[in-house]
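Here's the structure we're looking at; comments come further down.
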Amino acid sequence: MRLSQAFLPVLKESPSDAQIVSHKLMLRAGLIRQMAAGIYAWLPLGWRVLRKIEQIVREEQDRAGSIEMLMPTIQPAELWRESGRYDAYGPEMLRIRDRHDREMLYGPTNEEMLTALFRDDVKSYRDLPRTLYHIQWKFRDEVRPRFGVMRGREFLMKDAYSFDLDEAGARHSYYTQLLAYLRTFKRMGIKAVPMKAASGPIGGDLSHEFIVLAPTGESEVFYDSHFEDMDWEREGLAYGDATGLQALFDEVSGTYAATDETHDEARWAEVSADRRRQGRGIEVGHIFYFGTKYSDAMGLRVSGRGGDMITPHMGSYGVGVSRLVGAIIEASHDEAGIIWPEAVAPWKVGIVTMRGDDQASIQAAEGLYAQLNAAGVETLYDDRDERGGAKLAGMDLMGLPWQVIIGPRGLATGVVELKSRRTGVREQLSLESVMARLTA
Ligand code: ATP
Ligand code: MG
């Protein structure tokens, strides 16, 4: 993308209405604009990042055997009356009436809808187990929407739902998601510690929240530093390996990690002092096992092997896709701006000409831009006739992992600069070496 043709509105001043750094940076670097309280337009830069995050979530869900689908944002109230949550949900639910005076709502989550779909189409034990998911906008009329996309009213969530024949099967599905979540967040360049959670309004007794550590997080967290050294990817662990998944779960639940809601002083005291870590964190995912709560309430039953009727056990598994954009920035930035982990960066490389009127620089930049595009490397080329310093500041603010800085002085000796946004290290390299490095 050429910056001269892009829509990347950058703010010079730090926005005064934003309280936390990720919100400030998302406004300044032009990722989002607020359209109403807690409701945002995703500008091109933000949209690119959001799609990268969504795609990692999707790939890891698919790899774990979950099946993608798409449910609507608007739901009929009857579904929620069946589960008994229509009244229980309270003012966070956005209730709507259509022209025929039918009661509708903008979905805050989809347990009811998927249970109903499953009930109508699945009749036999042979069709279980299944885990289905979608990535769809949700609406919760939060009392205090704040911190930008971190606590929005409209937000993008991945929500998966598992259906199993019994509790053992449901636990396997739960452990599968646990591993998928560890892998998902690791790929995004962040560590989200699974912490024992209170099960809350969904009900049930098995629940973990995935928490990214950041000083601006809304909850206070306590965890054993063993999580910092843990192997999050478990490359050798297959999703079908029930014993391996059980061992993973035992390791996770046997290592102390809790939010202020579930914190247990007695168990905390047993963690050796040098391993106690305390701080604040942001919830980016939440997984639940809730047994037959919805299947019972909504009459989901399938025939079993011997003709008996079975009530499936369910779990649900959420990832805050849009919240992650803010959470990653909270975990990865400096005074100059955002520092994107490569896997979620809007572009991998930014090209800057220090002198927009120098023909040799323009020629070198154009050539490199064409080569990077041909090699499939996502590149933002600042081809505007602006001061070099201002362009560099813009690149730092937007946080692309690599900058190629091209100026007449370097070109005279056949080199350009390759700068790593994360380390700040600048290397003088030939254009060929830059190409080799960026396509390695
Ligand atoms: P919170 O405790 O932060 O209000 P929650 O427990 O109500 O969240 P869940 O129902 O567990 O949220 O939803 C799954 C995920 O969706 C959360 O882990 C979070 O990442 C994300 N999420 C929930 N509410 C919001 C919101 N208002 N804005 C952005 N993301 C949200
Ligand atoms: Mg939650």
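The values are calculated or read from the model by the stated rules, or taken from the named source; none is laboratory data. This structure is a prediction, so every number in the text was calculated from the model and none was measured. Every residue, glycine among them, receives a Cβ derived from its backbone with ideal geometry; neighbour counts consider all protein chains shown. SASA here: full protein model, heavy atoms, side chains in, ligands and nucleic acids out. Shrake-Rupley method; radii C 1.70, N 1.55, O 1.52, S 1.80 Å.
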Top mean-square fluctuation among ASP164, ASP127, ASP274, Gaussian network model of the chain, C-alpha springs under 10 Å?
ASP274
Carbon and sulfur together cover what percent of the accessible area of the range 347-438 at a 1.4 Å probe radius?
50 percent
Rounded to the nearest 10 Å², what accessible area does LYS123 show when all protein chains are kept and the probe is 1.4 Å?
120 Å²
Tell me, in nm to one decimal, what length is gained between ALA343 and SER303 on full extension, where the rule is 0.36 nm per residue of separation less the Cα-Cα distance?
9.9 nm
At a probe radius of 1.4 Å, what is the per-residue accessible area of ASP250, in Å² to the nearest 10?
80 Å²
How do 7-16, 317-326 rank on mean C-beta neighbours within 10 Å, highest first?
317-326, 7-16
Taking a ≥ b ≥ c as the square roots of the Cα gyration tensor eigenvalues, with a/c under 1.5 meaning rounded and otherwise prolate when a/b beats b/c, else oblate, which class fits the range 347-438?
rounded
Which of GLY236, ALA37, GLY291 sits farthest toward the positive end of the charge dipole of the range 3-338, with +1 on the Cβ of Lys and Arg and -1 on the Cβ of Asp and Glu?
ALA37
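If you count the DSSP beta bridges with both ends in the range 1-149, what percent of them are antiparallel, to the nearest 5?
So the antiparallel bridges in the range 1-149 amount to around 85 percent.
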The range 3-338: Cα Rg divided by the 2.2 N^0.38 Å rule of thumb:
1.03
Tell me the accessible surface of ARG102 in square angstrom (1.4 angstrom probe, heavy atoms of protein chains only), to the nearest ten.
130 Å²
Taking K and R as +1 and D and E as -1, what net charge do the other residues with C-beta under 14 Å from the C-beta of ARG323 add up to?
-2
Dipole of the chain, positive direction: furthest Cα of PHE118, LEU248, MET71, with charges on the beta-carbon
MET71
Largest-first ranking of LEU178, LEU429, LEU117 by accessible area, probe 1.4 Å, whole protein assembly kept, is LEU117, LEU429, LEU178
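Which value, in Å², gives the accessible area per residue of the chain when a 1.4 Å probe is used on the protein heavy atoms?
43 Å²
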About the Cα centre, charge dipole magnitude for the chain (Lys/Arg +1, Asp/Glu -1 at Cβ), debye
1060 debye
Determine the dipole magnitude for the range 42-135: charges of +1 sit on the beta-carbon of Lys and Arg, -1 on that of Asp and Glu, nothing else is charged, the reference point is the Cα centre, and the result goes in debye to the nearest 20.
240 debye
Put +1 on the Cβ of each Lys and Arg and -1 on the Cβ of each Asp and Glu in the chain; which of ALA257, GLY424, LEU324 then has its Cα farthest toward the positive end of the dipole?
GLY424
Assign unit charges at the C-beta atoms only (+1 for Lys and Arg, -1 for Asp and Glu), then state the dipole size of the range 322-440 relative to its Cα centre in Debye, rounded to the nearest 20.
200 debye
Can you put GLU265, GLU417 in order of accessible area, largest first, using a 1.4 Å probe?
GLU265, GLU417
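Could you check how much of the accessible area of the range 3-338 is carbon and sulfur, as a whole percent, using a 1.4 Å probe?
49 percent
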Report, in deg cm²/dmol and to the nearest 500, the calculated mean residue ellipticity at 222 nm for the chain, where each DSSP H run with n ≥ 4 adds -39500 (n - 2.57) and the sum is divided by the residue count.
-10000 deg cm²/dmol
With the contact rule set at Cα under 8 Å and sequence spacing of 6 or more, what percent relative contact order holds for the chain?
17 percent
For the range 347-438, percent of DSSP beta bridges that are antiparallel (nearest 5) comes out at 50 percent
Please label the shape of the range 141-240 as rounded, prolate or oblate, based on the square roots a ≥ b ≥ c of the eigenvalues of the alpha-carbon gyration tensor (a/c under 1.5 means rounded; beyond that, a/b larger than b/c means prolate, else oblate).
oblate
Of all DSSP beta bridges in the chain, antiparallel share, percent nearest 5:
85 percent
Estimated FRET transfer efficiency when R0 is 30 angstrom, pair THR73-ASP296 (beta carbons, to 0.05):
0.65
In the structure displayed, which of LYS196/LYS293; LYS12/LYS158; LYS191/LYS391 lie more than 28 Å apart, Cα to Cα?
LYS12/LYS158; LYS191/LYS391
